[in-house]
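These notes are about the structure you will find just below.
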2 protein chains.
Amino acid sequence: MSDLLERLRGRGWRMTAQRRVVAEVLDGDHVHLTADEVHARAVAKLPEISRATVYNTLGEMVTLGEVIEVSTDRRAKRYDPNAHRPHHHLVCARCGAIRDVHPAGDPLADLPADERFGFTVSDVEVTYRGICPNCAATA
Amino acid sequence: MSDLLERLRGRGWRMTAQRRVVAEVLDGDHVHLTADEVHARAVAKLPEISRATVYNTLGEMVTLGEVIEVSTDRRAKRYDPNAHRPHHHLVCARCGAIRDVHPAGDPLADLPADERFGFTVSDVEVTYRGICPNCAATA
DNA sequence: TCCTACAATGGACTAAGTCCAAGTCAAGTG
DNA sequence: CACTTGACTTGGACTTAGTCCATTGTAGGA
């Protein structure tokens with residue numbers, strides 16, 4: 001049922017009710033939640049869970065590479081459990097809706113050596129912006 | 001002397017001492033400043049300028065398309081006056097240093113129609129992450 | 001069952017940014 | 001040039017998102 005939970009367990013994570021609940025929330029199809037949204041859903045399942053724990057747990061999942069932090073809008077970070085398959089994001093500039101997308105080609109390869117300034121480049125994050133069909137309809 | 005200032009004037013901006021100072025700060029080679037850094041430098045030239053005005057002015061410049069907002073780290077937004085030439089960013093994951101880069105190819109073209117979900121895609125923002133030479137040396 | 005190191009709690013704290021009512025002033029008009 | 005007016009600025013209170021930490025609780029091994 002919970003792939004995410006399985007993977008975390010396999011890494012020697014100490015399993016607690018709180019961590020299970022956070023993993024379950026992220027593992028649904030409710031992707032791209034903010035930390036507060038995760039907390040709200042977690043509270044529904046485990047009323048006494050604290051905000052600090054949710055932040056800690058999300059942070060650990062990010063460190064373990066099981067969840068990706070996305071900061072597409074300028075407000076809160078969002079958490080994307082779809083970390084096992086590389087992807088990028090398409091964001092509606094009006095309503096903030098987010099879709100996962102898979103562009104052709106490898107943007108990393110598009111950065112020539114003379115544009116790397118001696119950096120060891122390890123990662124690339126691409127955010128497309130535009131207007132979603134919904135917002136376009138109500139323009 | 002101040003290209004940015006010239007362009008803004010040409011758009012019917014009401015010119016005030018505050019706006020001039022903010023434009024001057026951004027127009028130097030001091031790129032990628034946070035709003036607070038802009039404010040600090042502005043205060044050096046015009047002691048009574050307020051934080052709110054700096055935020056307002058930066059926001060207007062962004063709206064006019066003369067300045068780009070960059071949120072590479074998860075802290076404060078940074079402001080990049082180099083808006084007239086499309087470019088992307090290379091960020092050091094350790095120290096946060098930022099360089100402008102110009103990748104080959106057009107990432108927008110790499111997003112196939114069937115990955116656009118009906119969005120009208122107008123913009124793309126690419127952030128490369130890695131370790132800068134400085135940080136690599138002191139690893 | 002008991003221990004103990006790791007985890008959770010919650011409330012105070014910080015950073016970054018927004019809001020607003022009141023005062024100020026740039027620039028067009030006569 | 002003086003006047004007028006609506007746009008601009010101010011500063012302080014407020015909000016939002018997130019961090020910190022001392023204390024309390026507990027998972028899981030011996």
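The values are calculated or read from the model by the stated rules, or taken from the named source; none is laboratory data. Keep in mind the model is a prediction, meaning the values are calculated, not measured. Note: ideal-geometry Cβ built from the backbone for every residue, glycine included; neighbour counts use all protein chains shown. Only protein heavy atoms, including side chains, enter the accessible area calculation; ligands, DNA and RNA are left aside. Shrake-Rupley method; radii C 1.70, N 1.55, O 1.52, S 1.80 Å.
Starting from the exponent 0.38 and prefactor 2.2 Å, build the expected Rg for the protein assembly as shown from its residue count and divide its actual Cα Rg by it. Please list the in-between numbers first.
Details: Rg = 21.1 Å, N = 278, 2.2 N^0.38 = 18.7 Å.
This ratio for the protein assembly as shown stands at 1.13.
Among the lysines, select those whose C-alpha is under 25 Å from the C-alpha of B:LYS77, and discard any that sit fewer than 8 residues away in the same chain.
Leaving aside lysines fewer than 8 places away in the same chain, those within reach of B:LYS77 are A:LYS77, B:LYS45.
Where a ≥ b ≥ c are the square roots of the eigenvalues of the C-alpha gyration tensor, would you call the range B:3-80 rounded, which needs a/c under 1.5, or, failing that, prolate if a/b is larger than b/c, or oblate? Don't skip to the end; give the middle numbers.
On the way: a/c = 1.67, a/b = 1.19, b/c = 1.41.
In terms of gyration-tensor shape, oblate.
Within chain B, which complete DSSP H helices have Cα atoms spanning at least 30 Å along the helix axis and a mean Kyte-Doolittle hydropathy of 0.0 or higher?
Membrane-span-like by this criterion, though nothing is claimed about a membrane: none.
I'd like the interface area for chains A and B: accessible area of each alone minus the complex, both sides summed, 1.4 Å probe, protein heavy atoms only. What is it in Å² to the nearest 100?
3300 Å²
Just to confirm my numbers, what's the Cα centroid distance between the range A:69-139 and the range B:13-73 in Å?
Using only Cα atoms, the two centres lie 27 Å from each other.
Given just the C-alpha atoms of chain B, how large is their convex hull per residue in cubic angstrom? Don't jump to the answer; show the numbers that get you there.
Details: hull volume 22.0 nm³, N = 139.
Roughly 158 Å³ of hull volume per residue.
Compute the projected area of the convex hull of the Cα atoms of the range A:88-137, averaged over all viewing directions, and report it in nm² to one decimal place.
The Cα convex hull of the range A:88-137, projected and averaged over all directions, gives 4.4 nm².
So if I place +1 on the C-beta of Lys and Arg and -1 on the C-beta of Asp and Glu, and nothing else carries charge, what would the dipole magnitude of the protein assembly as shown be about its Cα centre? I want it in debye, nearest 20.
For this selection, approximately 900 debye.
One decimal, nm, shortest first: give the distances between the label point of B:LYS45 and those of the same position in the other copies, each label point 7 Å from Cα along Cα→Cβ.
From this label point to the equivalent ones elsewhere in the assembly: 5.4 nm.
State, to one decimal in nm and shortest first, how far the label point of B:ASN82 sits from each corresponding label point in the other identical copies (label point: 7 angstrom along Cα-to-Cβ).
Once sorted, the set of distances for B:ASN82 reads 3.2 nm.
Modelled label-to-label distance, A:ASP3 and B:ALA113, 7 Å Cα→beta-carbon offset: nm?
Going by the 7 Å Cα→Cβ label model, 3.0 nm.
Can you list the distances in nanometres, one decimal and ascending, from the B:ASP29 label point to the identical position in each other copy, with the point 7 Å along Cα to Cβ?
5.4
Quick check: residue separation of B:ALA104 and B:LEU64 times 0.36 nm, minus the Cα distance between them. What number comes out in nm? All intermediate terms of the calculation are to be shown ahead of the outcome.
On the way: separation 40, 0.36 × 40 = 14.40 nm, distance 2.70 nm.
In short, 11.7 nm is gained.
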